[in-house]
Amino acid sequence: MRMRGEARQYYLGYLWWLMEPMLYVAVFYFVFFSLLNTRQPDYLQFLMVGKLTFIWFSKSVNQAANCIEINKGLVAQLRIPQALFPVATVVEGFYRQAVVFAFLLAFLAATGYTFSAAWVWLVPVILLNAALITGCAMAAALLVCFQRDFRLLIQLGTVFMLFISGIFWDINSVQNAELVTWLMRLNPVAALIDAYRQILLYGSAPDAQVLLWALAEAALILALMTLAFQRLQFWMARRVITR
Amino acid sequence: MALLTLEDVSMRYEPQPGATLGEYSVFEGIDLALNAGERLGVIGRNGCGKSTLLRIMAKIFAPSAGQVSWAPGVSVSLLTLGLGFRTDLTGRENALLSCLLHGLSRVDAKNAVPQIADFCELGEFFDSPVHTYSAGMRARLGFGSALVNRSQVILIDETLGVGDAVFREKARAALLDELTADRAVVLVSHAEAQVKSLCTRAVLLGEGSILSSGEPTAVLADYAAHYQ
């Protein structure tokens, strides 16, 4: 229902689900391909896989950062677990992303990237991505509940992630191979984007070890956040209502 | 049987950033029981903790000290002025959401919506976004939703005061009719007439505790005398 409300606010409504990510792709393409002459083969496809999957993470986490404040009215009147709000935000984001994924796969198929056995890997990678987003969304909601300033830091943080996660450049182009491994181990978002590229563009299975690190990190964040939301229910309500 | 019991309940607020006020106590040692079939009025001056008390009753705040116990399976609905709606959604969507959030099944919720629409008498506004509503219209929607969603305890925070005379009368009649023996209402109000005509019992909250409790007319008289 919230999505309906949101779509109604804009003249182009649901079309924005696709237009927003594609406008980003267009700008990056113009800067890096046309102006800076990046010579990554099939740069448009390379960029689309990176950006269209990253935007799922960045948009969900940024929206979740505001979700408890937006639902202040419900928090003040109903005893419901507050984790519901970031989780609902993530579910909404998932619906939007389903449309984006369908578009991405159709575009790849139309430009010669045909279905391969490696695509089976998409299922665990998408699930892992969803788990990571849920954990980070809960963390974002909790931090903003603690101090509103975190909203700005989270915005900055996702822009920072956009630069270091290899969206418009290939993380494997870093000369030091050990550094690449650690970049991906410490930043599960980078690991996932590289995995999507391995699967969709190169038709190969992603590095399972790197994905296991990402899985461990996502599970840790999720577990910590579930615990925090259980413990802090009353504290969060007071925080949101009385400030 | 008591639906809800407060024993020796205290509430303190920690200092807020930017506020000169340090930690302060809203009330201390409150003992209060709400029985089925009862309509309890809570009166007192602004800032005496009436809304805080309702939020503790609604399980939204935990008290700083003391015990709050609810009879098993009791559902509680809190109505606060101007809160509780997604203003970008229509009245109809909000009514449905309210029923779902109060635990009605999807089918029951859908069936309850026409009843809410009837009660609120919002006409075409029922299908307009809530941000186009006046305060009184929001109050109608909130009250209508809470009445129908079968909450056993309805906590009303000054919401009825903003409705027009016709709606106030209708709300009063509905509270008297719909309030079967297993339900209860707590009404926070500054309107003396409302407390007198609706409530079976009243408490006066002030100076951090319950100053007076009992028959509404008597408690209202204490209120007037105390703050002369």
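Here are the numbers for this structure:
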| read-out | value |
| --- | --- |
| Residue in segment A:32-44 that is away from chain B (no Cβ under 14 Å), assigned to a helix (DSSP H, G or I) and at pLDDT 85 or above present | yes |
| Single match in A:100, A:75 (criterion: β-branched (Val, Ile, Thr) and away from chain B (no Cβ under 14 Å)) | A:100 |
| Any hit, segment B:130-153, residues being at positive phi and either of a type outside the set (S, T, N, Q) or at pLDDT below 85 (or both) | yes |
| Residues of segment A:64-88 satisfying the condition of being without any contact (Cβ under 8 Å) to a residue 24 or more places away in the chain and outside any helix (DSSP H, G or I) | A:71, A:78, A:79, A:80 |
| Helices (runs of 4 or more DSSP H) lying entirely in segment A:130-243 (those with 2 or more residues that are out of contact with any strand residue (DSSP E or B) (no Cβ under 6 Å at 6 or more places or on another chain) and within 30 Å of residue B:12 (Cα to Cα)) | A:150-164, A:208-242 |
| Number of positions in segment B:212-228 that are touching a residue at least 24 places away in the same chain (Cβ under 8 Å) and among the aliphatic types (A, V, I, L, M) | 2 |
| Residue B:129 of a type outside the set (A, V, I, L, M, F, W, C) and under 30 Å from residue B:181 (Cβ atoms) | no |
| Top-ranked residue in segment B:115-124 [being out of contact with any Ser or Thr (no Cβ under 7 Å at 6 or more places or on another chain) and in a helix (DSSP H, G or I); ranked as nearest to residue B:92 (Cα to Cα)] | B:117 |
| Residues of segment B:158-188 classified as among the polar types (S, T, N, Q) and assigned to a helix (DSSP H, G or I), total | 1 |
| Output for segment A:89-127, where each listed residue is among the hydrophobic types (A, V, I, L, M, F, W, C), surrounded by 18 or more Cβ atoms within 10 Å (Cβ to Cβ) and more than 15 Å from residue A:54 (Cα to Cα) | A:108, A:121 |
| Unique match (being more than 14 Å from every other protein chain (Cβ to nearest Cβ), over 16 Å from the mean Cα position of the chain (by Cα) and modelled with pLDDT of 85 or more) among A:215, A:227, A:222 | A:227 |
| Residue satisfying all of: in segment B:73-84; within 11 Å of chain A (Cβ to nearest Cβ) and of a type outside the set (Val, Ile, Thr); surrounded by the fewest Cβ atoms within 10 Å (Cβ to Cβ) among these | B:82 |
| Every pair of residues 6+ apart whose Cβ atoms lie under 8 Å, when the first sits in segment B:194-211 and is within 23 Å of residue B:36 (Cβ to Cβ) while the second is among the basic types (Lys, Arg) and in a strand (DSSP E or B) | B:198/B:39; B:199/B:39; B:200/B:39; B:201/B:39 |
| Enumeration of residues in segment B:189-204 that are at pLDDT below 90 and not in a loop (DSSP other than H, G, I, E, B) | B:192, B:193, B:194, B:195, B:196, B:197, B:198 |
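To keep it simple, each residue is scored yes or no on (1) in a helix (DSSP H, G or I); (2) facing chain A (nearest Cβ under 10 Å).
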site: B:42; (1), (2): no, no
site: B:46; (1), (2): no, no
site: B:59; (1), (2): no, yes
site: B:86; (1), (2): no, yes
site: B:97; (1), (2): yes, yes
site: B:107; (1), (2): yes, no
site: B:136; (1), (2): yes, no
site: B:155; (1), (2): no, yes
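The values are calculated or read from the model by the stated rules, or taken from the named source; none is laboratory data. Being a predicted model, the structure only gives us computed values, none of them experimental. Positions of Cβ are backbone-derived with ideal geometry, glycine not excepted, and every protein chain shown enters the neighbour counts.
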